Amino acid sequence: MIKEIAFDEMISLVPIMSHYNPKKMVIVGNASENLKNIVNAQKIEVEYIENIEKATSSDCDVVINLNDNVDSFFVAHLNKILNDKGIFATKSANFDDNESKLKGDLTLLAESFWIAMPYSFAGMTAIIASKKYHPVSDIILQRSDLLDGMKYYNSDFHKCSFTYPTYIHKGLTNIARR
């Protein structure tokens, strides 16, 4: 149960709290009721879709991918719907479990984004990719510190979820864009 709560809170709130003023977002994949409640509480216009090619929104501030794969086809559609300050978050593989998948996802996203960084929580790894905002230095504390009802997410954990042991940090040097 806590893994599902952690996933819902971290996959949604890390990108939302990293963007200065998110107004519009797309969530790709099967969103849980908990995730929908988290997003709805942020007063953001949201479109829920199964596949990225079905998106009707454009000029979005945040896109979240709940599915397992990100490929060049996905990124091409992603670039059509995200605006020039947009943030994208997606599941990926843990470094120790599948280093090549994590590196491949980071490399692909680094082609289109200024920032492409992994973050970890509850034994899972996600990637945040941003065209403008840095997920650690640009966290909006005025919003993130005032969140009510979260069981896992807080602004301090938001920041520390980007910290890795030396062997992972070195393993991702020149791949992750920080």
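The values are calculated or read from the model by the stated rules, or taken from the named source; none is laboratory data. This one's a predicted model, so the numbers in the text were calculated from it and none came from an experiment. Neighbour counts are summed over all protein chains in view; Cβ atoms, including those assigned to glycine, are modelled from backbone coordinates with ideal geometry.
Within segment 44-143, which strands (runs of 3 or more DSSP E) (wholly inside it) include 3 or more residues that are out of contact with any Lys or Arg (no Cβ under 9 Å at 6 or more places or on another chain)?
Filter on segment 44-143 gives 82-92, 115-121.
I'm trying to understand the selection: among the residues of segment 144-167, which are in a loop (DSSP other than H, G, I, E, B), out of contact with any strand residue (DSSP E or B) (no Cβ under 6 Å at 6 or more places or on another chain) and either among the basic types (K, R) or surrounded by 11 or more Cβ atoms within 10 Å (Cβ to Cβ) (or both)?
Residues satisfying the conditions are D145, L147, M150, K151, Y152, Y153, N154, T163, Y164.
Restricting to segment 2-43, give me the number of residues that are in a loop (DSSP other than H, G, I, E, B), on the phi < 0 side of the Ramachandran plot and of a type outside the set (S, T, N, Q).
Here the count works out to 6.
Check K43, K24 and return the single one that is crowded, with 17+ Cβ neighbours inside 10 Å and out of contact with any helix residue (DSSP H, G or I) (no Cβ under 9 Å at 6 or more places or on another chain).
Residue meeting the stated conditions: K24.
What are the residues in segment 149-162 that are of a type in the set (S, T, Y) and in contact with a Ser or Thr (Cβ under 9 Å, 6 or more places away or on another chain), if any?
Answer for segment 149-162, where residues must be of a type in the set (S, T, Y) and in contact with a Ser or Thr (Cβ under 9 Å, 6 or more places away or on another chain): Y153, S155, S161.
Pairs please, first residue from segment 78-105 and free of Cβ contacts under 8 Å to residues at least 60 places away in the same chain and over 18 Å from V14 (Cβ atoms), second anywhere and of a type in the set (D, E, K, R) and surrounded by 15 or more Cβ atoms within 10 Å (Cβ to Cβ), Cβ atoms under 8 Å, 6+ apart in sequence or on different chains.
Correct list of pairs: N83/D61; N83/K131; D84/K131; D84/K132.
Here is a check on your reading of the model: is D71 free of Cβ contacts under 8 Å to residues at least 40 places away in the same chain, of a type in the set (D, E, K, R) and out of contact with any Phe, Trp or Tyr (no Cβ under 7 Å at 6 or more places or on another chain)?
In short, yes.
Taking the condition under 14 Å from the mean Cα position of the chain (by Cα) and over 22 Å from H158 (Cα atoms), does L13 pass?
Here the answer is no, as L13 does not meet what is asked.
Could we say that S18 is within 23 Å of A116 (Cβ to Cβ), of a type in the set (S, T, N, Q), touching a strand residue (DSSP E or B) at 6+ places or on another chain (Cβ under 9 Å) and at pLDDT 95 or above here?
yes
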